[in-house]
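The values are calculated or read from the model by the stated rules, or taken from the named source; none is laboratory data. These figures come from a predicted structure and were not determined experimentally. A quick note on method: Cβ atoms are made from the backbone with ideal geometry, for glycine too, and the neighbour counts reach across all protein chains shown.
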Amino acid sequence: EVDAQKLADETIENIKATDKDINAFITVDEDAKASENLDFANKLAGIPVAIKDNIVTNGLKTTAASHILDNFIPVYDATVVSKLKDAGATIIGKTNLDEFAMGSSNENSYFGAVHNPWNLDKVPGGSSGGSAAAVASGEVVAALGSDTGGSIRQPAAFNGIFGIKPTYGRVSRWGLIAFASSLDQIGVLTKRVKDAAEVLNVISGADEHDSTVSEKAVPDFTKALGQDVKGLRVAVPKEYMSDAVDEGVRKAIQAQIDYLKENGAIINEVSLPHTKYVVPTYYIIASSEASSNLQRYDGIRYGYRAKDTKNLLDVYVKSRSEGFGEEVKRRIMLGSFALSAGSYDKFFRQASKVRTLICRDFDKIFEDNDVIVGPTTTEPAFEIGSEVKDPIKMYNNDILTISANMSGVPAASVPAGLVDGMPVGLQIMAKRFDEESVFRVADFIERNN
Ligand code: GLN
């Protein structure tokens, strides 16, 4: 007999002990109640799941790791959360992240850095670093994350787990605290590929609250598992295997590509010629959208309000100055500048055009290929504190993950071995709404490792 409440209680006890070193959770729901009348035909019945703290949960504090929301208790559930609850999952707590999901190391959190369970001196990646560390340390089997420029895949790679960002429009964003709405997508982090397929089955699909979700039927993603790769056309962009990528990482990835080839996949070297522009393009578009989305934190409607203010303007200025962290302010300033009358044509419009070129690079490759593979990151997890003072260096970390958000394609990271004792990930991308090919390859690689 399965006692779901006992499992929830034990999970909470274990998190309390383990998390002293890791700091993966901002909030653990100590009163988490397993659903009653569980139908165990449902794969998620009684399974404890953690939710990134930029996804709203009814009655459970949701902070986006920001001082400006550190006391915010939502009055509704995000669509993904309702869907998990309907499937019988137990929402166990809210995971740490970079403030408003802006970052690649989880060091930009008001609630402190997250530590990589493989080596506590290293970052877990970001921004879904809490979700990744919670799964890697065995605190939970599954966690939701969000991915705007790599925030599911890069932490998955750094923690030696699986993470998938589905197609833009596959999963509802209703209740996701918006960062860059044209890029944001909710996805799943798990140790096992199959578990992610089960969770994605549950959270996908049309939603009356989010008109950007496709009406397309959601396939059973587990059907893509257990297959071979014979005849699968695999593109490897030469820009993803250049000297800019750490040699150890390249070797680990090449070994996986060789394995696909030995098993009958057709490997094609291709080019994504606009790769060198993706980082600046992304940071203009993402920051512009963020500057607009974050206008709502004005100290009036919800969240933190500064004390001792003289007038309304003072409330706005002080609340925002005290409530937002450094990185968030940097992005708001950059985005406001890029959208301002004198700069719009030079920056935002130009970036939007380059985004189209990046999308075309992808569409062209997918005319003759089923998947694109390469490394998820240019290096394994770095030391806490080593890059946080150098934003440009930090931004450049995202060069391999951003394009999938720009073009909206599904993309995942699956463990691909260790480099200097730290895990690295193989990134797999496919055509829009073809998560099945991503799962097929990820599962095949997982069975080899
Ligand atoms: N590291 C990227 C950024 O800081 C991506 C973040 C994300 O995907 N949420 O914007």
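Points worth noting:
- All positions within segment 55-79 that are in a loop (DSSP other than H, G, I, E, B), touching a residue at least 60 places away in the same chain (Cβ under 8 Å) and under 18 Å from Arg330 (Cβ atoms): Ala64, Ser66
- Sole exception among (1) over 17 Å from Phe179 (Cα atoms); (2) more than 16 Å from the ligand (Cβ to nearest atom) for His67, by number: (1)
- Just one of the numbered conditions (1) within 13 Å of the ligand (Cβ to nearest atom); (2) surrounded by fewer than 24 Cβ atoms within 10 Å (Cβ to Cβ); (3) not aromatic (Phe, Trp, Tyr) is not true of Lys61: (1).
- Any hit, segment 380-387, residues being under 18 Å from Gly129 (Cα atoms), within 15 Å of the ligand (Cβ to nearest atom) and more than 17 Å from the chain's Cα centre (by Cα): yes
- For Ala101, the test of being at pLDDT 95 or above, under 18 Å from Ile203 (Cα atoms) and within 16 Å of the ligand (Cβ to nearest atom) is failed.
- Scanning segment 126-140 for residues that are touching a Ser or Thr at 6+ places or on another chain (Cβ under 8 Å), in a helix (DSSP H, G or I) and within 14 Å of the ligand (Cβ to nearest atom) returns Gly129, Gly130, Ser131.
- Considering Glu289, Glu247, Glu208, the condition of being acidic (Asp, Glu) and buried (at least 20 other Cβ atoms within 10 Å of the Cβ) is satisfied by Glu289 alone.
- A count restricted to segment 388-419 and to residues that are in contact (Cβ under 8 Å) with a residue 60 or more places away in the chain and either within 15 Å of the ligand (Cβ to nearest atom) or within 13 Å of the chain's Cα centre (by Cα) (or both) stands at 21.
- Condition broken by Met333, with the remaining ones in (1) more than 30 Å from Lys238 (Cβ to Cβ); (2) surrounded by 20 or more Cβ atoms within 10 Å (Cβ to Cβ) satisfied: (2)
- Number of the exception - Ser82 against (1) surrounded by 24 or more Cβ atoms within 10 Å (Cβ to Cβ); (2) without any contact (Cβ under 8 Å) to a residue 12 or more places away in the chain: (1)
- Filtering segment 23-42 to residues that are in a loop (DSSP other than H, G, I, E, B), in contact (Cβ under 8 Å) with a residue 24 or more places away in the chain and under 26 Å from Leu120 (Cβ atoms) leaves Asn23, Ala24, Asp29.
- Which numbered condition Lys223 misses (of (1) away from the ligand (no atom under 15 Å from the Cβ); (2) assigned to a loop (DSSP other than H, G, I, E, B); (3) of a type outside the set (Asp, Glu)): (2)
- Pick from segment 252-272, criterion assigned to a helix (DSSP H, G or I) and within 25 Å of the chain's Cα centre (by Cα), ranking: surrounded by the fewest Cβ atoms within 10 Å (Cβ to Cβ): Gln254
- Looking at Lys389, Lys393, just one residue is surrounded by fewer than 24 Cβ atoms within 10 Å (Cβ to Cβ), in contact with an Asp or Glu (Cβ under 7 Å, 6 or more places away or on another chain) and among the basic types (Lys, Arg), and that residue is Lys393.
- Filtered residues of segment 107-125 (kept if more than 10 Å from the ligand (Cβ to nearest atom), assigned to a loop (DSSP other than H, G, I, E, B) and buried (at least 24 other Cβ atoms within 10 Å of the Cβ)): Ser109, Val114, Val123, Pro124
- Helices (runs of 4 or more DSSP H) contained in segment 352-449 and holding at least 1 residues touching a strand residue (DSSP E or B) at 6+ places or on another chain (Cβ under 7 Å) and either modelled with pLDDT of 95 or more or over 24 Å from Ser104 (Cβ atoms) (or both): 402-407, 435-448
- Matching residues, segment 154-172, being of a type outside the set (A, V, I, L, M, F, W, C) and in contact with a helix residue (DSSP H, G or I) (Cβ under 8 Å, 6 or more places away or on another chain): Gln154, Pro155, Asn159, Gly160, Gly163, Lys165, Pro166, Thr167, Tyr168, Arg170, Ser172
- Test: Asp147 is more than 16 Å from the ligand (Cβ to nearest atom) and modelled with pLDDT of 95 or more: no
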